[in-house]
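Take a look at the structure below.
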Amino acid sequence: MQAKKKAVTAQVRVIDHPFVQHKLTLMRQFQTSTAKFRQLMKEVGILLAYEVTRDLPLKYQEIKTPLAPMMAPVLASEKKMVVISIMRAGQGLLNGVLELIPSARVGHIGLYRDPGTYVAIEYYFKFPNDLEQRDIVVVDPMLATGNSAVAAVDRIKEANPLSIKFLCLLAAPEGIEHFHQQHPDVPIYTAAIDEQLDENGYILPGLGDAGDRLYGTK
Ligand code: URA
């Protein structure tokens, strides 16, 4: 049991910052309103973006403060980062990530789960056309079966980007395992790893359907 958990979590970064955990608990609660849920998703998105970008390389450039010249750190990459949202729930996290990284380029991929097989079916695809030499963060709040995440990263890899990270709010052990079987080179950042999937492919205990809770569609 212990060994399995270790295997599942080895390539996953769980962001256990107290603010993230507190906000996630509020989001899980069934009585949290649509407006509050959306606001919390944005706030958590900012905090998660902070962690997912923690290891971005820096370079030094000469600047002048009002008092003296100095060598000061700036982001090393010449190219803007790209955030790719898996629609529709990804939009909620995207809004937070863009608060922290307003200059990021944005791509969208629309995937829905076939209700019978849970296979991810693509209905929309629009990426910046120069993903080579760019670092990518893929955002989707729920890593459940992992099918959508795998399909999105399959697509993104066709464009041969510099690096890819996957950012979610909640992950199921089944989703992590499936994702890392297909994409062992892509690290997962999540606020929590929940217990399991239910028979409908929802994360337990989870927070319900993230899209419905973001947009009040149920
Ligand atoms: N998608 C969701 O919105 N919630 C889940 O629990 C699983 C997939």
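The values are calculated or read from the model by the stated rules, or taken from the named source; none is laboratory data. Worth saying up front: this structure is predicted, and the values here are computed from it rather than measured. Glycine gets a Cβ as well: all are built from the backbone with ideal geometry, and neighbour counts include every protein chain shown. Just so you know, the surface numbers come from the protein's heavy atoms only, side chains and all, with ligands and any DNA or RNA stripped out. Shrake-Rupley method; radii C 1.70, N 1.55, O 1.52, S 1.80 Å.
Below is a table of values for the structure above.
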{"item": "Computed Kirkwood radius, in angstrom, where 1/r is averaged over Cα pairs of region 2-215", "result": "17.8 Å"}
{"item": "Probe 1.4 Å, accessible area per residue of the chain, Å²", "result": "53 Å²"}
{"item": "Simple Cβ-charge dipole of region 2-215, Lys/Arg +1 and Asp/Glu -1, about Cα centre, in debye nearest 20", "result": "560 debye"}
{"item": "Highest-first arrangement of 61-67, 45-51, 196-202, where packing means the average Cβ count within 10 Å", "result": "45-51, 196-202, 61-67"}
{"item": "Karplus (6.51, -1.76, 1.60) ³J(HN,Hα), θ = phi - 60°, over region 82-98, in Hz, Gly and Pro reported as x", "result": "10, 9, 10, 9, 8, 6, 9, 5, x, 4, x, 5, 3, 4, x, 4, 6"}
{"item": "Greater than 20 Å apart at Cα, pairs in Lys59/Lys126; Lys79/Lys165; Lys80/Lys165", "result": "Lys59/Lys126"}
{"item": "Region 53-180 - share of DSSP beta bridges that are antiparallel (%, nearest 5)", "result": "45 percent"}
{"item": "Under 14 Å, Cβ to Cβ, from His17 - net charge with Lys/Arg +1 and Asp/Glu -1", "result": "0"}
{"item": "Cubic angstrom per residue, convex hull over Cα atoms of region 70-124", "result": "97 Å³"}
{"item": "Cα centroid of region 52-105 to Cα centroid of region 136-157, whole Å", "result": "22 Å"}
{"item": "Residue-by-residue Karplus 3J(HN,Hα) for region 107-123, coefficients 6.51, -1.76, 1.60, Hz, glycine and proline x", "result": "x, 10, 10, x, 9, 10, 8, 4, x, x, 10, 6, 5, 7, 10, 7, 10"}
{"item": "Per DSSP, loop GluC sites (Glu not before Pro) in region 111-181 with at most 16 further Cβ within 10 Å", "result": "Glu132, Glu158"}
{"item": "Listed residues Leu170, Leu131, Leu58, most fluctuating in the chain (Gaussian network, C-alpha, under 10 Å)", "result": "Leu58"}
{"item": "Surface/4 estimate of mean projected area, convex hull on alpha-carbon atoms of region 25-97, nm²", "result": "7.4 nm²"}
